[in-house]
Amino acid sequence: MNYAVDKNRGTRRRKKLIYLFILIISCYGVYNFVHLMNQIEDKQVEVLTLQKDLEAFRKTHQTSQTEIRRLNDPEYVMQRDRKMFHMTKENEIPFILQDNAQ
């Protein structure tokens, strides 16, 4: 009879060790899952930020390309120079308006 009690005690001890091992592995798996979910969330935020930056750069690039195309047009260049540097054509009289604020 003593032998049967010892056998049950050993079986219970092995079962406890197996359950403890399964619990430890499960906790490790949950920890890894939560950690990876946090990393995925961080990467998603980074992707959104980079997409916004890319869109801003594309708009800037488009504006620059439009300006480059316009600078290839002699009429636009002349109009721009006249406006920026107050240049005049030959035989043209410039009018300079003064502000009479007192």
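The residues neighbouring residue 59, those whose beta-carbon lies less than 14 Å from its own, together hold a net charge of -1 under the Lys/Arg +1, Asp/Glu -1 convention. If R0 is 25 Å, the Cβ-Cβ spacing of residue 62 and residue 83 corresponds to a FRET efficiency of close to 0.65. Annotation: aspartates and glutamates with alpha-carbon distance below 19 angstrom to residue 16 (same-chain offsets under eight excluded): 6. Computed from phi, the 3J(HN,Hα) profile of region 41-54 under the Karplus parametrisation 6.51, -1.76, 1.60 (θ = phi - 60°) reads 4, 4, 5, 5, 5, 5, 4, 4, 4, 5, 5, 5, 4, 4 Hz, with x in place of Gly and Pro. Please enumerate, by chain and number, the lysines with C-alpha under 17 Å from the C-alpha of residue 52, excluding those fewer than 8 residues away in the same chain. Candidates past the 8-residue exclusion: 43.
Between residue 42 and residue 70, the C-beta separation translates, for a Förster distance of 30 Å, into a calculated FRET efficiency of about 0.10.
With the largest listed first and rounded to whole Å, the semi-axes of the equivalent ellipsoid of region 14-86 from the Cα gyration tensor are 66, 8, 4. Give me the one-decimal nm value for the distance between modelled label points at residue 8 and residue 30, 7 Å along each residue's Cα-to-Cβ direction. For residue 8 paired with residue 30, the spin-label model returns 3.2 nm. Region 8-27 and region 56-102 have Cα centres separated by 83 Å.
Bear in mind these aren't lab numbers, they're just calculated from the coordinates by the rules spelled out. This one's a predicted model, so the numbers in the text were calculated from it and none came from an experiment. As a convention, Cβ positions derive from the backbone with ideal geometry for all residues, glycine included, and neighbour counts pool all protein chains shown.
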